[in-house]
Amino acid sequence: MSTDPTAPARSPLALPVADNGRRLRGTDIRRERSQLRRNLKRFLVDNRLNLLGVVIVVGFVLLSLFGESIALHDPYAQNITGAKLLPPSFDHPMGTDELGRDVLSRIMTGSRISLQVAAVVLGFAVVVGTLVGAVAGYVGGVVDEVLMRVTDLFLAFPALILAIAIAASLGRDLRNTMIALSTVFWPWYARLVRAQVLSIRERDFVAAAQSIGLSGPRLLVRHVLPNALSVVIIQLTLDVGFAILSTSSLSFIGLGAQPPSPEWGTMMSTARNYFRDAWWYITFPGVALTLTVFAFNVLGDGLQDALDPRSGRR
Amino acid sequence: MLLRLVVRRLLFLVVVLFGLSIITFGLSHVVPGDPARLMAGPRASSSAVDKIRERYGLNDPLPVQYVAYVQGVVRLDFGDSFTSRRPVRDDLARYLPATIELALAAFLLSTLVGVPLGVLSAVKRDRWPDHLARFVSISGLALPVFWLALMAQFVFFGRLGWLPDGERLPVGTDPPRAITSLYTLDAALTGNWAVLGTALSHLLLPVVVLAYGSLAVITRMVRGGMLEVLGQDYVRTARAKGIAQRGVVVRHALKNALLPTVTSLGLQVGLLLSGTFLVEIVFSWPGIGRYAVEAIQRLDYNATMATTLLIAVVFVLVNLLVDVLYLFLDPRISYS
């Protein structure tokens, strides 16, 4: 976000990958490590926004792993008689919902759903996208043409609307939403990896590897793809926020997770009906979602500036 | 060359629509869920359900249903909506103007605010306009549009009571005589100032909320473009010739800095169209976004598919328009 396009190209977080094809020796690795540490300091300490992003992301991940077990209340336990729509208090820091459930505990539990969906969707997208992109870029010719036209077909729609169409056709539940979002995300990775493969395969170290007799999958997997990794990682970080946001958006309109799931979008979809009496119910899940998406965006931007300073920002 | 570009894109559009229709049709017909039962209602007899199934051809083999569907779509006949029981085409015609009004206003707002804000941010780098612009561009991408809509509704309607909570006009107010079917424009054209004011007050919240996301993207892109251009030699030359700051920025730098932003217009339209689905629901805005969401919730396949197809067409056409526009703006570009 705060990049200066005139700044000299630097790569503070460059991963220790031998991009010239030679093997890393001990001294190289030591040098790379101290370099990495220095870069990490520049990335986190010199840029407060990045630090904030990392802190929130770490908090979010911890919450997804342990949120349900450390929650003060059972996120599903109803108490219709005594605790309906209570405002925030010491016992319920974020109030309670229309069935007397603790909003904070539900938000803490819901973070796991968001992370799970993002992991499944982006995992699929990266694997399939990399496979398609790598094959298209490496083999070229008719294969490339066919694979890329199919990819274009998926990119021809606004992502969220394609996801809505697919999720709606499949039926309303969280698994179908994951399928829909996976369908939407992979083409971006296919395009990205293909472009990387096309440019990397022209580099000298690939020619060198070919000259010693390497070819086919081994050359692609061992020498070409590792060098496309940083670009994929940047895209991945930027997409986590978008995937979480899309999941909640779909849940909000009634696709995706269904009540009583504590998914954040689902919670807000219900909370909508009570927003005049219970501001806390609609406010806190939204704050949680906004902070999470914000943190992943900041992190993705920071990584992009760090790893790939010349690339265009989206 | 231009003609070739247009023809090629239009051919691609046909392929895209074909693909989409297969995806949505295929998916919606292989999964369980019985539209006939849904349409007849929970208490209908099974013979009534059968009758509906017969009438809408739901008993035919899938390929037959698909061919029938495509034949209809080519004639702009999307079938009947299962819920409104009217032809989907009539429904779309009825709800489309509201969406056009909303999306167009949001587009204008985000451009008219985003471009100056981006320029200001680049020129006053690291001073408060820049901080403001960065806040907008960071928050705009992170704020869920439906949550922003709900919060705006909560504050400006629920707490302050300054603005209405939704719909295009209050119940009991007649819309202005239809010329364009965009209420604000029609009211202005017919000189119906009272209705214009009311319509604007209803439009305000949904438009600002919808525009915010794309405002963020535009601000960010213009800022980036300006920063890049302002560092270039020709700008320094212009300054050296004694041209005032304003002239350098507006006449020399902005033109080139806007090019990347124009390319992102396609993306903007995608954002706005997706946003209408969420914003219209919150503000009960009677447009095709709300229509589509309601159709989805009621398993109304015909309506869902027609809306999705319509949006795909709009999206591809706008992108085509952007590419053509780009060709005129930047003669260095050629699409080969």
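The values are calculated or read from the model by the stated rules, or taken from the named source; none is laboratory data. Since the structure is predicted, the reported quantities are computational estimates derived from the model, not experimental observations. Heads up, the Cβs are rebuilt from the backbone with ideal geometry, glycines too, and the neighbour counts pull from every protein chain shown. Surface areas here come from the heavy atoms of the whole protein model, side chains and all, with no ligands, DNA or RNA. Shrake-Rupley method; radii C 1.70, N 1.55, O 1.52, S 1.80 Å.
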### Query
So how far apart, in nm, are the two label points at A:Arg218 and A:Gln78 if each is 7 Å from Cα heading toward Cβ?
6.4 nm
### Query
Given Cα pairs under 8 Å that are at least 6 residues apart, what percent is the relative contact order of chain B?
24 percent
### Task
Quick one: net charge around A:Pro88, please, counting Lys, Arg +1 and Asp, Glu -1 for every other residue with C-beta under 15 Å from its C-beta.
-1
### Query
Once A and B are treated as a pair rather than alone, how much accessible area drops out, both sides summed, in Å² to 100, probe 1.4 Å?
4400 Å²
### Task
Provide the net charge surrounding A:Glu263, with neighbours chosen by a C-beta distance below 14 Å and charges set as Lys +1, Arg +1, Asp -1, Glu -1.
+2
### Query
How far is helix A:26-44 tilted, in degrees, relative to the longest principal axis of the Cα atoms in chain A, given as a value from 0 to 90 rounded to the nearest 10?
40 degrees
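Net charge within 15 Å of A:Gly110 by Cβ-Cβ distance, Lys/Arg positive one each and Asp/Glu negative one each, not counting A:Gly110 itself? Spell out each step's value before the answer.
Values: positive: A:Arg101, A:Arg106, A:Arg112; negative: A:Glu68, A:Asp74, A:Asp97, A:Asp102, A:Glu263.
Residues close to A:Gly110 contribute a combined charge of -2.
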### Query
To the nearest 500 deg cm²/dmol, what mean residue ellipticity at 222 nm is calculated for chain A from DSSP H runs of n ≥ 4 alone, each contributing -39,500 (n - 2.57), summed and divided by the residues?
-23000 deg cm²/dmol
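Write down the accessible area per residue of the protein assembly as shown in Å², having rolled a 1.4 Å probe over the full set of protein chains. All intermediate terms of the calculation are to be shown ahead of the outcome.
Details: 30880 Å² over 650 residues.
The answer is 48 Å² per residue.
Would you mind getting me the FRET efficiency between B:Leu317 and B:Ile179? Use the beta-carbon distance for r and R0 = 22 Å, nearest 0.05. Numbers along the way, then the final one.
Numbers: r = 24 Å, r/R0 = 1.07.
Working from the Cβ atoms, E equals 0.40.
Roll a 1.4 angstrom probe over the protein heavy atoms and tell me the percent of accessible area of region A:52-121 that is carbon or sulfur.
Numbers: 2340 of 3360 Å².
The value for region A:52-121 is 70 percent carbon and sulfur by accessible area.
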### Message
Within 10 Å of each Cβ in A:244-250, how many Cβ atoms from other chains are there, averaged over the peptide?
### Response
3
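What part of the accessible area of chain B, given as a whole %, is carbon or sulfur when the probe is 1.4 angstrom? Can you show the working numbers first?
Values: 10720 of 16480 Å².
Carbon-and-sulfur percentage of accessible area, whole number: 65.
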#### Entry: Compactness relative to 2.2 N^0.38 Å, alpha carbon Rg of region B:95-329
1.14
### Query
So for the pair A:Ala207, B:Arg125, with labels modelled 7 Å out along Cα→Cβ, what separation do we get in nm?
3.7 nm
#### Entry: Qualifying aspartates and glutamates (Cα of each under 16 Å from Cα of B:Lys51; at least 8 residues distant if same chain)
B:Asp34, B:Asp60, B:Asp80
### Message
Among A:Leu62, A:Gly286, A:Val132, which residue has its Cα furthest toward the positive end of the charge dipole of chain A, with +1 on Lys/Arg Cβ and -1 on Asp/Glu Cβ?
### Response
A:Val132
### Task
Normalise the Debye intensity by I(0) for region B:201-285, one equal point scatterer per Cα, no solvent, then take log10 at q = 0.12 Å⁻¹ and round to two decimals.
-0.50
### Message
Considering only C-alpha atoms, what is the centroid distance from region A:229-281 to region B:61-123, in Å?
### Response
24 Å
### Task
Find how many whole Å separate the alpha carbon centroid of region A:33-50 from the alpha carbon centroid of region B:172-215.
51 Å
### Query
Hey, got the Cα dimensions of region A:98-190 along the principal axes, in Å, largest first?
62, 23, 17
### Summary
Taking the square root of 5λ for each eigenvalue of the C-alpha gyration tensor of the protein assembly as shown, the equivalent ellipsoid has semi-axes, largest first and in whole angstrom, of 40, 31, 30
### Message
Could you tell me which residue out of B:Ile281, B:Val119, B:Ala106 lies farthest along the dipole of region B:95-329 toward its positive end? Charges go on the beta carbon: Lys and Arg +1, Asp and Glu -1, centred on the Cα centre.
### Response
B:Val119
### Query
Around B:Asp80, which amide H atoms from residues at least 5 apart in sequence, or from another chain, sit under 5 Å from its own amide H, with H modelled in the peptide plane?
B:Val88
### Query
Which angle between 0 and 90 degrees, to the nearest 10, do you get for helix A:141-155 versus the longest principal axis of chain A when only C-alpha atoms count?
20 degrees
### Message
At 7 Å along Cα-to-Cβ for each site, give me the label-to-label distance between B:Leu259 and A:Leu40 in nm.
### Response
4.2 nm
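Give me the percent relative contact order of region A:66-133, please, defined on Cα pairs under 8 angstrom at least 6 residues apart. Before the final figure, lay out each step's value.
On the way: 80 pairs, mean separation 19.9, N = 68.
Computed over region A:66-133, the figure is 29 percent.
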### Task
Based on a Kirkwood Rh over C-alpha pairs, give the Stokes-Einstein translational diffusion coefficient of chain A at 10 °C and viscosity 1.306 mPa s in µm²/s.
73 µm²/s
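Taking only DSSP H segments of four or more residues, each worth -39500 (n - 2.57), what value at 222 nm results for chain B once the sum is divided by all its residues, to the nearest 500 deg cm²/dmol? Don't skip to the end; give the middle numbers.
On the way: 14 runs with 238 residues, N = 336.
So the calculated ellipticity at 222 nm is -23500 deg cm²/dmol.
Hydropathy first: keep DSSP H helices in chain B averaging at least 1.6 on Kyte-Doolittle, then drop any whose Cα extent along the axis falls short of 24 Å, and list what survives.
Numbers: long enough: B:2-30 (42 Å, 1.97); B:88-123 (50 Å, 1.26); B:193-230 (47 Å, 1.45); B:265-282 (25 Å, 1.83); B:301-329 (42 Å, 1.99).
Those that pass (Cα extent of 24 Å or more, hydropathy at least 1.6) are B:2-30, B:265-282, B:301-329.
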### Message
Can you list residues from other chains, or at least 5 along the same chain, whose modelled amide H is less than 5 Å from the amide H of A:Asp173?
### Response
A:Gly256
